Amino acid sequence: MFEDWITDDVKCVLLVEPNFPIPGKSRNHSNFLPIGLLKIASYLREKDIKIKLIRFEEPKEKIDYVQTTLDFDIKDEEDEFKPDLICVTSIFTYWSKYVKNAVQYYKYKFKDTPVLVGGIYASLMPDHCKKYTGCDEVILGTIAESEKLIPAYDLVDVDYQILHTTRGCIRKCGFCGTYIIEPKWLCKNSIKDEIVKKKLIFYDNNLLANEFIEDILDELIELKKERKITYVESQSGFDGRIMLKNPHLAKKLKDAGFKNPKIAWDHSVKQAPYIKKQIDLLVDAGFKEKEISIFMIYNYDLDYKEMEEKRVNCANWGVQITDCRFRPLDQTFDEYSPSKHKGQTEKDYHIHENWTDQEIRKFRRNIRRHNICMRHEVDFHSTLLERKKVPQEDAKKYREMNYEEVKKDLPDAWTPYKFHKAEEQDYFKINNYKEKL
Ligand code: SF4
C-alpha cells in the first residue's frame with residue numbers, strides 16, 4: 001500500500017512523469033496531465049513532506065544502468081533535492097518502456113531510495129511492471145486519501161481542472177480495462193466544493209451513469225449562471241443508452257456549458273439509426289453537428305469495410321470522429337508510425353486479425369480528412385491545398401468548387417461522403433502540383 005511507504009523518515013518525495021512520447025506542447029494537455037501525481041503531491045504536502053514534480057527528460061548521455069558506480073556527474077534540476085521516496089506514474093501499457101527508463105534512471109541516480117510505480121500500466125500489469133521496470137513496489141488503483149484532495153495545480157501551468165464524479169463503470173466492454181483499474185463503482189452526489197478553476201474537464205469513464213447526475217448537472221448550471229465556470233468537457237463519450245432513456249439530460253448538458261460532446265459507437269454499422277437518435281437529441285438540445293464527435297475503436301472486431309461504412313454515415317450526419325486504434329490490454333509496446341508509408345508489421349505494433357497494416361493507415365488518414373471536412377463544412381479535402389502546393393490563384397478557385405467539380409483538376413481530392421477502398425492510392429508524395437498535372 002502506498003500509505004505504508006509514508007513513514008516518519010520520509011521528508012522529501014520526488015514525483016516523476018516519464019518521458020512519454022507526447023509532443024512538448026501537449027504535455028499539459030488535459031488528456032495527459034499527470035493528475036495522480038498532483039493528487040499525491042497534495043496528500044504529501046498535508047503531511048509537511050517536501051515534494052518535487054519532474055517531467056522527466058531522458059539524459060542525452062547514454063547510461064549503462066547495470067554498472068555500479070557513477071562515472072560522470074548527472075547535473076540537472078533535482079540535483080539539490082535528495083528524495084527519501086520516488087513515485088513514478090504510468091499510462092498505457094504499450095508505453096511501458098518509458099516507465100522503465102525513468103525507474104532505471106532514478107534507481108541509478110539514488111541507489112538507496114525506493115521507487116514506486118502507480119497508474120494505469122502498473123495497475124493492469126503489476127507483475128510485468130515490477131519485473132520489467134525494476135521498481136520496488138507497484139501501487140494498484142487509486143489512493144483513497146489523495147482522492148479527497150484538490151490536486152496541486154500550482155505544479156503545472158494549466159487553466160483547467162480535472163474532476164471525477166465517479167470511479168469505475170457500470171459496464172464491462174471487451175476492450176476496456178476500467179473494471180480492473182477501478183473495480184468499485186463509486187458516485188459522488190456533489191462536486192461544487194471542488195471547483196477551483198473556471199474550466200472543467202471530467203475524467204469520468206461514464207459520467208451519465210452517476211446516479212446523482214441530475215444533481216451534478218444542476219450544480220454546474222448554477223455555477224455557470226454565477227459565471228464561476230465557463231467551459232465544461234467530458235474526456236470520455238456520453239453513454240448513449242442512458243441519454244436515450246433520459247432525453248432531458250442532453251439539454252442539461254448544454255445548459256451546464258458542456259462543449260464538444262462525444263458519443264461512443266463501438267458496435268455494428270446496423271446501430272446507425274440508434275446513433276442518429278442520440279445525435280438528434282444533442283442537436284435538439286443546441287449542440288452543432290460539427291461540434292459532436294463519435295468515438296470509434298478500430299483495428300478491432302469490425303473490419304475496415306464496416307468501419308468505413310460507419311465513417312460515411314458520420315459524414316452524412318455532419319459529425320466528427322474520435323478514433324481509437326485498439327491495442328490489447330497487455331500490449332507492452334507500440335512503435336506504429338504514421339509516416340512509414342511503406343508499412344510496418346506485427347513486430348512494430350498490434351495488428352488485429354481482421355485488419356492489415358494498409359487498412360489501419362488508410363482508415364486513420366480517412367478519419368483525419370473526414371474531420372477537417374466536417375469542421376470546415378466542406379465536401380472535399382486536398383493535401384495539395386492543405387500544404388499550399390497549389391498557386392494561390394488556383395487554390396482560391398478550387399476552394400469555391402465542390403468535390404465533383406474539383407476532382408477533375410486536383411488529383412488528390414478526397415470526399416468524406418464516399419466509401420474509400422483501402423487499396424485506393426493516396427498522393428503522399430506530390431510536392432509539385434504543376435508537374436503532376
Ligand atoms: S462504457 Fe466506457 S468505461 Fe465503461 S466499460 Fe465500456 S468502454 Fe469502458
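Summary table below
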{"quantity": "Enumerated helices (runs of 4 or more DSSP H) restricted to region 303-412, each holding at least 2 residues that are at pLDDT 95 or above and open to solvent by 30 Å² or more (accessible area, probe 1.4 Å)", "calculated": "304-317, 357-376"}
{"quantity": "Considering residues of region 276-301 that are aliphatic (A, V, I, L, M) and more than 15 Å from the ligand (Cβ to nearest atom) only, the residue surrounded by the most Cβ atoms within 10 Å (Cβ to Cβ)", "calculated": "L282"}
{"quantity": "Of all residues in region 146-167 being within 16 Å of the ligand (Cβ to nearest atom) and assigned to a loop (DSSP other than H, G, I, E, B), the one that is surrounded by the fewest Cβ atoms within 10 Å (Cβ to Cβ)", "calculated": "H164"}
{"quantity": "Test: residue in region 131-145 that is more than 14 Å from the ligand (Cβ to nearest atom), open to solvent by less than 40 Å² (accessible area, probe 1.4 Å), within 21 Å of L207 (Cβ to Cβ) and at pLDDT below 95", "calculated": "yes"}
{"quantity": "Positions within region 320-353 being touching a residue at least 40 places away in the same chain (Cβ under 8 Å), out of contact with any strand residue (DSSP E or B) (no Cβ under 8 Å at 6 or more places or on another chain) and of a type in the set (D, E), in sequence order", "calculated": "D330, D334"}
{"quantity": "Test: residue in region 242-258 that is modelled with pLDDT of 95 or more and either outside the structural domain of I150 (by TED's automatic domain parsing) or at positive phi (or both)", "calculated": "yes"}
{"quantity": "Filtered residues of region 209-248 (kept if open to solvent by less than 60 Å² (accessible area, probe 1.4 Å), within 16 Å of the ligand (Cβ to nearest atom) and assigned to a helix (DSSP H, G or I))", "calculated": "A209, I213, G240, I242, M243, L244"}
{"quantity": "Members of region 4-52 found to be of a type in the set (F, W, Y) and without any contact (Cβ under 8 Å) to a residue 60 or more places away in the chain, listed by number", "calculated": "F32"}
{"quantity": "Any chance Y106 is touching a strand residue (DSSP E or B) at 6+ places or on another chain (Cβ under 8 Å) and in a helix (DSSP H, G or I)", "calculated": "yes"}
{"quantity": "Verdict on I170 being surrounded by fewer than 18 Cβ atoms within 10 Å (Cβ to Cβ) and over 24 Å from R27 (Cα atoms)", "calculated": "yes"}
{"quantity": "Failed item, numbered, when I40 is tested on (1) over 14 Å from S90 (Cβ atoms); (2) in a helix (DSSP H, G or I); (3) modelled with pLDDT of 95 or more", "calculated": "(1)"}
{"quantity": "Hey, Y203 open to solvent by 20 Å² or more (accessible area, probe 1.4 Å), within 18 Å of the chain's Cα centre (by Cα) and in contact (Cβ under 8 Å) with a residue 24 or more places away in the chain or not", "calculated": "yes"}
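The values are calculated or read from the model by the stated rules, or taken from the named source; none is laboratory data. The structure presented is a predicted model; accordingly, all values stated were derived computationally and were not measured. Virtual Cβ from ideal backbone geometry, glycine too; neighbours counted across all protein chains shown. Side chains are part of the model used for accessible areas, which takes the heavy atoms of the whole protein and leaves out ligands, DNA and RNA. Shrake-Rupley method; radii C 1.70, N 1.55, O 1.52, S 1.80 Å.
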